[in-house]
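Colleague: The structure follows.
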Amino acid sequence: MDAQMLLKDSNVFPSNEVLRDTLGDTIYNVLETFLGTITDEEYALTPEWRFYNDGKAWLCKFVYKKRTVFWLSIWEGFFRLGFYFTEKHIDGIAALDISEVIREDFSKAKPVGRLLPMILDVKDKDQLKDILTVIRFKKSLK
């Protein structure tokens with residue numbers, strides 16, 4: 001069975017309490033650690049939650065100085081991060097010190113328009129090191 005995207009009610013803002021109830025304590029703790037890290041001074045990302053009618057769900061866009069770094073969505077049993085890159089960033093991503101699985105999945109990703117998606121399903125804290133590496137790379141792009 002495919003995982004279900006959650007947070008489908010436009011009237012229920014994804015507060016910390018809603019996120020904890022939706023994800024459960026284990027996954028919420030991973031999310032809380034992640035959000036605490038990326039919103040601190042080093043990463044300085046700003047979350048922008050919004051309900052999108054096209055997907056009929058709440059998504060969170062994380063921005064750095066008005067540039068979108070990635071998107072976050074909430075799923076049954078995990079949260080998903082979506083990064084989007086252009087073709088000129090392929091070599092830079094291949095050189096990152098991240099999991100071979102992430103690099104391989106990215107190299108096989110089908111383009112969305114002219115952008116190449118890197119979709120990461122996050123279930124545990126062990127994944128955060130690679131994700132933070134990708135965030136630093138994305139923030140460094142012009």
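Colleague: When ranked by the protection proxy of mean other Cβ atoms within 10 Å per residue, highest first, what sequence do the peptides 51-59, 79-87 form?
Modeller: Put in order of decreasing packing, that is 79-87, 51-59.
Colleague: Here's something else I'd like to know. Would you give the gap between the C-alpha center of the stretch 1-42 and the C-alpha center of the stretch 44-74, rounded to a whole Å?
Modeller: The stretch 1-42 and the stretch 44-74 have Cα centres spaced 12 Å from each other.
Colleague: Now, a different point. Any of Lys65/Lys110; Lys8/Lys65; Lys88/Lys139; Lys8/Lys123 with alpha carbons more than 22 Å apart? Name them for me.
Modeller: Over 22 Å apart, Cα to Cα: Lys65/Lys110; Lys8/Lys65.
Colleague: As a check on your grasp of the helix formula, calculate [θ] at 222 nm for the chain: sum -39500 (n - 2.57) over DSSP H runs of n ≥ 4, divide by the residue count, round to the nearest 500.
Modeller: -10000 deg cm²/dmol
Colleague: Still on this structure: What is the sum of charges, Lys and Arg at +1 and Asp and Glu at -1, for the other residues whose Cβ falls under 13 Å from the Cβ of Asp97?
Modeller: +1
Each value in this text was obtained by applying a stated rule to the coordinates, not by laboratory testing. From a predicted model like this one, the values you see are computed outputs, not experimental measurements. FYI the Cβ positions are ideal-geometry reconstructions off the backbone, even for glycines, and counts take in every protein chain you see.
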